[in-house]
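Each reported figure results from applying straightforward, stated rules to the coordinates on display, with no laboratory input. Owing to the predicted nature of the structure, the values given are computational and were not obtained by experimental measurement. Neighbour counts are summed over all protein chains in view; Cβ atoms, including those assigned to glycine, are modelled from backbone coordinates with ideal geometry.
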Amino acid sequence: MTEAIRIHNTGGPEVMSWEEVTLAAPGPGEAVVRHHYVGVNFVDIYHRRGVYKLPLPTGLGSEAAGVVEAVGPGVTDFQPGDRVACGTGPVGAYAEARLVPVERLVHLPDDIDDRTAACIMLKGLTAQYLLLQTTQIGPGDTILMHAAAGGVGQIACQWAKHLGATVIGTVGSDEKAALARAHGCDHVIVYTREDFVERVREITGKRGVRVVYDGVGKDTFAGSLDCLQPRGLLVMFGQASGMVPPFDLTALSVKGSLYLTRPTLGTYAATPEALRRMASDLFGVIRSEAVRIQLPQQFALREAGAAQTALESRATTGSIVLVA
């Protein structure tokens, strides 16, 4: 037996319960992983709310780091005692231990500790596909990153700066502005007192940016489009403020033949080879110190509801981890 966070109905944090669960022996292609740290992400809240529907009852969470305790028949790439991490599912990481398909695991190098790994697997791999695959960011590019002081934002802004881009970030407070500046932003806009569209136009000499990275959603969508230069790209990778309502696609042509995409990590890291290649890129920029990871806020695993409440309030900075 082990213990895990489970939900039987969708709703607020109160639907999360701490329960005993039975772990089966690992089957072919599976491993039992004992978690040390578990990452908390907005997608976990979407699952809890039912925005992204899961069969109920279900666990929550997809990002964790720990050690392999047992492997199933035919598994040769992983052995008991190996340090591993995952960030692309399956859902159920809010647990002391669980079964994981080994194709979703990556080995952790000696210079990446478990707590750091639980901060970066989902968020850092997201930054990887945003900057290197959804489009290739490089010298001469100017980008706008919403929620620049958040978990994805801090990693992506530093990485984009490392790639040679000029980085503009939006944040909600002066405290977050200082964090964003310390993590790669050349210009920071405090959206609670500044019109971010006007400020982007001012910063860019009215040209606009080539790419906007928007994980906020409903509250920023229209303004994000207005920040783009002709043939610019809006990358919607989340909706922390709510789902974007339907809109007229002709707006993309009127505003300058714009591009719009809604990518997911699951698509970009769909194969073990892609996942491990992306993880190698991520570990590389951390190892070189081009990307520095802020110490996360920590909650006990059984206090996952409080951790999600903190994240949902949009008052947090950086990452949150659960200590298993």
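Principal semi-axes of the equivalent ellipsoid, √(5λ) from the alpha carbon gyration tensor of region 1-119, are 24, 16, 12 Å from largest down. For region 16-168, the antiparallel share of DSSP beta bridges with both residues in that region comes to about 85%. Electrostatic tally near Leu125: other residues with Cβ closer than 11 Å to its Cβ, Lys and Arg +1, Asp and Glu -1, net +1. Free of any GluC sites (Glu not before Pro) that DSSP assigns to a loop and that have at most 16 other C-beta atoms within 10 Å, the longest stretch within the chain is 1-193. In order along region 219-232, the phi-based Karplus estimate (6.51 cos²θ - 1.76 cosθ + 1.60, θ = phi - 60°) of 3J(HN,Hα) comes to 6, 10, 4, 4, x, 4, 4, 6, 8, 7, 6, x, 6, x Hz; Gly and Pro are listed as x. Dividing the convex hull volume of the alpha-carbon atoms in region 92-150 by its residue count gives 155 Å³ per residue.
For the pair Arg277 and Leu249, the difference between a 0.36 nm per residue extended length and the Cα-Cα distance amounts to 6.6 nm. Its Cα gyration tensor gives the chain an equivalent ellipsoid, and the semi-axes of that ellipsoid, as √(5λ) in whole Å with the largest first, are 34, 21, 18.
For the chain, DSSP calls about 55 percent of its internal beta bridges antiparallel.
I'd like the Kirkwood hydrodynamic radius of region 212-292, using the inverse of the mean 1/r over distinct C-alpha pairs, in Å. Please list the in-between numbers first.
On the way: mean 1/r = 0.0684 Å⁻¹.
After inverting the mean inverse Cα-Cα distance, the result is 14.6 Å.
Once the chain from Glu289 to Thr264 is taken as fully extended at 0.36 nm per residue, the excess over their C-alpha distance is 6.4 nm.
Annotation: amide H-H contacts under 5 Å for Tyr259 (H modelled 1.01 Å from N, sequence separation of 5 or more, or interchain): Gly232, Leu233, Leu234.
Counting lysine pairs in the chain that sit 8 or more residues apart in sequence, or on different chains, and whose Cα atoms lie under 25 Å apart gives 11.
The label-point distance for Ala25 and Glu198, in a model that sets each label 7 Å from Cα toward Cβ, rounds to 6.9 nm.
Between amide H atoms placed 1.01 Å from N, distances below 5 Å from Gly150 occur with Gly318, all of them 5 or more places distant or on a separate chain. Label-to-label distance for Ala178 and Thr76 is 5.5 nm, based on points extended 7 Å past Cα in the beta-carbon direction.
Amide hydrogen proximity for Gly29: with H placed 1.01 Å from N in the peptide plane, the residues at 5 or more positions away or on another chain lying under 5 Å are Gly72, Val75. In plain terms, the chain from Tyr52 to Gln297 could stretch by 85.7 nm, reckoned as 0.36 nm per residue minus the Cα-Cα distance. Just how many % of Cα pairs in region 139-262 lie over 17 Å apart, if you round to the nearest whole percent? Distances greater than 17 Å cover 52 percent of the Cα pairs.
With a ≥ b ≥ c the root eigenvalues of the C-alpha gyration tensor of region 249-324, is it rounded (a/c under 1.5), prolate (a/b larger than b/c) or oblate? Oblate is the answer for region 249-324, as a/c is 1.5 or above yet b/c matches or exceeds a/b.
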